[in-house]
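Provided herewith is a single structure, encoded as structure tokens, for subsequent inquiry.
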Amino acid sequence: MDYTAILKEIRREIAPFEKAGAQATYIPELAKVNPDQFGICLQTLEGERYLLESADVGFSIQSISKVFSLAMCFSIVGDELWKRVGKEPSGTAFNSLIQLEAEKGIPRNPFINAGNLVVADILMSRLADPEGEFIAFVRALAGSDGVDYNPVVAHSERQKSYLNAAIINMLKYYGNIENDIEDVLHFYFMMCSVEMSCCELAQAFIPFANHRAPFDFGGVRLTSSQVKRINAVMQTCGFYDEAGEFSFLVGLPGKSGVGGGIAAIHPLRYSVAVWSPRLNDKGNSIMGMKALELLTTKTEESIF
Ligand code: GLU
């Protein structure tokens, strides 16, 4: 497959969308990012890399971190996790409160904010040094010690986090948060603040694409079947209330974040990470989604 030519062709074809949408501004630090940036990195299981433009520029991974925290939590508590968090698509916004109240504090899945706050709470209860151990795991996955939190972004989000604060208060009310809510919010925002480049993300997602190889990174071990289940949750819940649309247009498991990043995998073939800060009204990168739609169209390969 000539991925170099395909990526170049894709870049040309998405040019008309360069000014469509806007970056997230509800996190004040993200509003300062130059929205006119684009990067993509595709990495095959054999280790070949194909990249374009700002593929090496670090950005705020935001909710893409939810894949890493889910992996860590699943490795520690196994199927016990599903007693406190579901695994169904929510069909509602990632920060919606209504469903959480109707379902009495059991979030639909680990990729909406409520679900990931519960994941963060479990990690806090089970780990001696949650922040240290989480970043060590992500560095091991990415094969890069340069990956780090951005405390300025985390602090900036906390200043304006009225909705996440409401969500965690409701979770606490229903008995689904064990730790102090301020501590859990802090850890959650720190995980969201992690900065990585498309190349680092592509590397970090290879172990999810390669579920037949042993998953053992930074002390986090998963069985092949657990990795496939995480991929299944990415497929059904990875794109907010646009997971159906992403399946329809792209056909790969993946996860997006409001920093404008998307990481996706083609099981047993490749991982791909794309970044462009301008989002659609669901919170997904417009250029990123378009690029991945064209990738699976031009290669004529998706999981379907
Ligand atoms: N930190 C963001 C929030 O909690 C993450 C949202 C996202 O990327 O989906 O609102």
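Considering only residues of region 41-74 that are surrounded by fewer than 21 Cβ atoms within 10 Å (Cβ to Cβ) and hydroxyl-bearing (Ser, Thr, Tyr), which is farthest from the ligand (Cβ to nearest atom)?
Ranking the candidates gives Thr44 first.
Yes or no, residue by residue, for (1) touching a Gly at 6+ places or on another chain (Cβ under 7 Å); (2) among the hydrophobic types (A, V, I, L, M, F, W, C):
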position: Ala209; (1), (2): no, yes
position: Gly219; (1), (2): no, no
position: Asn231; (1), (2): no, no
position: Arg278; (1), (2): yes, no
position: Met287; (1), (2): no, yes
position: Glu293; (1), (2): no, no
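Tally the residues that are free of Cβ contacts under 8 Å to residues at least 40 places away in the same chain, farther than 20 Å from Tyr162 by Cα and not small (Gly, Ala, Ser), restricting the search to region 85-126.
Here the count works out to 2.
I need a count of the residues in region 155-185 that are free of Cβ contacts under 8 Å to residues at least 60 places away in the same chain, under 19 Å from Leu70 (Cβ atoms) and within 15 Å of the ligand (Cβ to nearest atom). Full working, then the answer.
Residues of region 155-185 that are free of Cβ contacts under 8 Å to residues at least 60 places away in the same chain, as a first pass: 155, 158, 161-162, 165, 168-169, 172, 178-183.
Checking which are under 19 Å from Leu70 (Cβ atoms) leaves us with 168, 178-179.
With within 15 Å of the ligand (Cβ to nearest atom) added as a condition, the list becomes 168.
Of the residues in that region, 1 qualify.
Ok, one more. Tally time: how many residues in region 164-198 are assigned to a loop (DSSP other than H, G, I, E, B) and out of contact with any strand residue (DSSP E or B) (no Cβ under 9 Å at 6 or more places or on another chain)? Show your work before the answer.
Applying the first criterion (assigned to a loop (DSSP other than H, G, I, E, B)) to region 164-198 yields 174-180, 193-194, 197.
With out of contact with any strand residue (DSSP E or B) (no Cβ under 9 Å at 6 or more places or on another chain) added as a condition, the list becomes 174-180.
Number of matching residues: 7.
Might you check whether a residue that is more than 17 Å from Ile181 (Cβ to Cβ) and surrounded by fewer than 16 Cβ atoms within 10 Å (Cβ to Cβ) occurs anywhere in region 112-126?
Within region 112-126, the first condition is being more than 17 Å from Ile181 (Cβ to Cβ), and the residues that meet it are 112, 126.
Restricting the remaining residues to those that are surrounded by fewer than 16 Cβ atoms within 10 Å (Cβ to Cβ) gives 126.
Looking through region 112-126, at least one residue is more than 17 Å from Ile181 (Cβ to Cβ) and surrounded by fewer than 16 Cβ atoms within 10 Å (Cβ to Cβ).
Would you please name the residue that is surrounded by the fewest Cβ atoms within 10 Å (Cβ to Cβ), looking only at residues in region 253-273 that are away from the ligand (no atom under 15 Å from the Cβ) and over 23 Å from Thr92 (Cβ atoms)?
Per the stated criteria, the residue is Leu268.
Any residue that is of a type outside the set (Gly, Ala, Ser) and without any contact (Cβ under 8 Å) to a residue 40 or more places away in the chain - is there at least one of those in region 195-213? So that I can check it myself, show each step before the final result.
Taking region 195-213 first, the residues of a type outside the set (Gly, Ala, Ser) are 195-196, 198-201, 203, 205-208, 210-212.
Right, trim to without any contact (Cβ under 8 Å) to a residue 40 or more places away in the chain and you get none.
Checked against the condition, which is being of a type outside the set (Gly, Ala, Ser) and without any contact (Cβ under 8 Å) to a residue 40 or more places away in the chain, region 195-213 yields no hits at all.
Right, something else. Name every residue in region 76-91 that is more than 16 Å from Phe246 (Cβ to Cβ) and either in contact with a helix residue (DSSP H, G or I) (Cβ under 7 Å, 6 or more places away or on another chain) or within 12 Å of the ligand (Cβ to nearest atom) (or both), in order of residue number.
Residues satisfying the conditions are Ile76, Val77, Leu81, Arg84, Val85, Lys87.
If you scan region 214-257, which residues turn out to be assigned to a loop (DSSP other than H, G, I, E, B) and under 15 Å from Leu201 (Cβ atoms)?
In the first step, residues of region 214-257 are kept if they are assigned to a loop (DSSP other than H, G, I, E, B); the result is 214, 218-219, 223, 238-239, 250-253, 257.
If the condition is that a residue be assigned to a loop (DSSP other than H, G, I, E, B) and under 15 Å from Leu201 (Cβ atoms), then Gly238, Leu252, Pro253, Gly257 are the ones that fit.
Follow-up. Output the number of residues of region 110-142 satisfying the condition of being closer than 16 Å to Ile61 by Cβ and either outside any helix (DSSP H, G or I) or among the acidic types (Asp, Glu) (or both).
The qualifying residues number 3.
Go through region 288-304 and give me each residue that's among the charged types (D, E, K, R) and either in contact (Cβ under 8 Å) with a residue 60 or more places away in the chain or not in a helix (DSSP H, G or I) (or both).
So in region 288-304, the residues among the charged types (D, E, K, R) come out as 290, 293, 298, 300-301.
If the condition is that a residue be among the charged types (D, E, K, R) and either in contact (Cβ under 8 Å) with a residue 60 or more places away in the chain or not in a helix (DSSP H, G or I) (or both), then Lys290, Lys298, Glu300, Glu301 are the ones that fit.
Only the coordinates and a few stated rules stand behind these numbers; no lab work does. The structure displayed is predicted, hence computed values, not measured ones. Because the Cβ atoms are built from the backbone with ideal geometry, glycine has one as well, and the counts that use them run over all protein chains shown.
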